[in-house]
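To start, the structure under review is shown below, and the notes come after it.
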Protein chains: 2
Amino acid sequence: MPQQRSVETRGRILDAAVRKFAIAGYDAATVDDICAEAGVSKGAFYHHFPTKQAIFLALMQGWLGMIDMGMEAVRAESVPQTLIKMTDLLPGVFAAAEDRLPMFLEFWMQASRDEKVWKAMIAPYRHYQEHFARLVEEGITEGSLKPTTDAQVAAQVIVSLAVGLVLQGVLDPRGADWEKTARESMKILMNGLAS
Amino acid sequence: MPQQRSVETRGRILDAAVRKFAIAGYDAATVDDICAEAGVSKGAFYHHFPTKQAIFLALMQGWLGMIDMGMEAVRAESVPQTLIKMTDLLPGVFAAAEDRLPMFLEFWMQASRDEKVWKAMIAPYRHYQEHFARLVEEGITEGSLKPTTDAQVAAQVIVSLAVGLVLQGVLDPRGADWEKTARESMKILMNGLAS
């Protein structure tokens, strides 16, 4: 089963890269280090990833894609209830983000210097934004949200709040009960937008 | 006027450090580089700052202290109106943060690895949090906010939203009209908390 082995190798490289980036930082971790950690040859590495940056982008997209899938799966009987239920995803996001924080900070730093990384980083946020805007529009249609609600602005508020909660939850895990804060925040927002 | 000259020298060193950290990054920028950029001797540098980390902390505290002073100065006739008016401070925060983004990202990265930096970084956020909690309590007392409001949670929501807005506004300045988003967000929150 060469295809299955190939998928396993790719996964081993990704896991090794997460560990190496977290310990040494993106700049300091070399492809050699990652190969040694994963127990794969450089040939195998370059078969899967043309550059070190490519592996970085794959990790970022994998993480953000997981959040996306989780979000799409949540459904409750009304849009406000769906959005409140979505905050149950946050503990998983916090846990995954905590291990990877130094890596994501490196990523943002790369993004502030490199247009290609920047575009790859911004795309999923714009995607979340669209997902929330559609949900808010659905809420207006079903009558649970105020008809005068600006769906784009409401979606930006939700994304900003989520970004701020994740960043603070990861940087200051004992500063608050972040899961409770997330749920209560969303309730306040929904209350503010309710028809 | 030796004291005035000393203040000027300190300011020149700080400005030079901002430029050097932004261009080369915190790790790569040396004290020698900063001295050359500022046109001061190493003796003068170490008279003001014992270490490179000390200058970094001074920059961070200066920026966050400025936001603090701005926040304390805002007053309107009710707490919800005060909080909505506070969002007028954000364009200044965005402008200052944009130049310094790579530096702040470096700072967060240092914070994730160094307890001392972490404490210096977290302190102002906790301070903002307390400031907002006091304001929310005032709003409950004056009758503009719901008596059942949990002031700590409401304050965390405000801080999280602000952190998320600044981060997004800086990383994706053309992604939205962030000033409008900030004002509308606060209106939605205040609506959600209104008595």
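Are there any pairs with C-beta distances below 8 angstrom linking a residue in region B:50-71 that is without any contact (Cβ under 8 Å) to a residue 40 or more places away in the chain to a residue that is not in a helix (DSSP H, G or I), with the two at least 6 apart or on different chains, and if so which? The qualifying pairs are B:Lys52/B:Tyr26; B:Lys52/B:Ala29; B:Lys52/B:Thr30.
Scanning region B:5-22 finds no residues that are part of a loop (DSSP other than H, G, I, E, B) and either of a type in the set (A, V, I, L, M, F, W, C) or touching a helix residue (DSSP H, G or I) at 6+ places or on another chain (Cβ under 8 Å) (or both). B:Met86 meets all of the listed conditions (1) within 12 Å of another protein chain (Cβ to nearest Cβ); (2) crowded, with 19+ Cβ neighbours inside 10 Å but one, namely (1). Tallying residues that are within 23 Å of A:Gly62 (Cβ to Cβ) and touching a residue at least 60 places away in the same chain (Cβ under 8 Å) within region A:128-157 yields 2. If you go through region B:9-39 and pick out every residue that is out of contact with any His (no Cβ under 9 Å at 6 or more places or on another chain), surrounded by 12 or more Cβ atoms within 10 Å (Cβ to Cβ) and farther than 30 Å from A:Phe107 by Cβ, you end up with 5.
Every residue, every condition in (1) of a type in the set (Val, Ile, Thr); (2) over 20 Å from B:Ser112 (Cβ atoms), yes or no:
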| site | (1), (2) |
| --- | --- |
| A:Ile55 | yes, yes |
| A:Leu59 | no, no |
| A:Trp63 | no, no |
| A:Asp68 | no, yes |
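In region B:172-187, the residues that are modelled with pLDDT of 85 or more reach residues that are not in a helix (DSSP H, G or I) and not β-branched (Val, Ile, Thr) with C-beta atoms within less than 8 angstrom, at least six apart or across chains, in these pairs: B:Glu184/A:Asp150.
If only residues of region A:41-84 that are in a loop (DSSP other than H, G, I, E, B) and among the aliphatic types (A, V, I, L, M) are counted, the one that is nearest to A:Ala194 (Cα to Cα) is A:Ala76. Taking the numbered list (1) surrounded by 15 or more Cβ atoms within 10 Å (Cβ to Cβ); (2) among the basic types (Lys, Arg); (3) modelled with pLDDT of 90 or more in turn, B:Arg100 passes all entries but (3).
The values are calculated or read from the model by the stated rules, or taken from the named source; none is laboratory data. Computed from a prediction, not measured in an experiment: that's the story for all the values here. Using ideal geometry, Cβ is built from the backbone for each residue, glycine included, and neighbour counts are taken over all protein chains shown.
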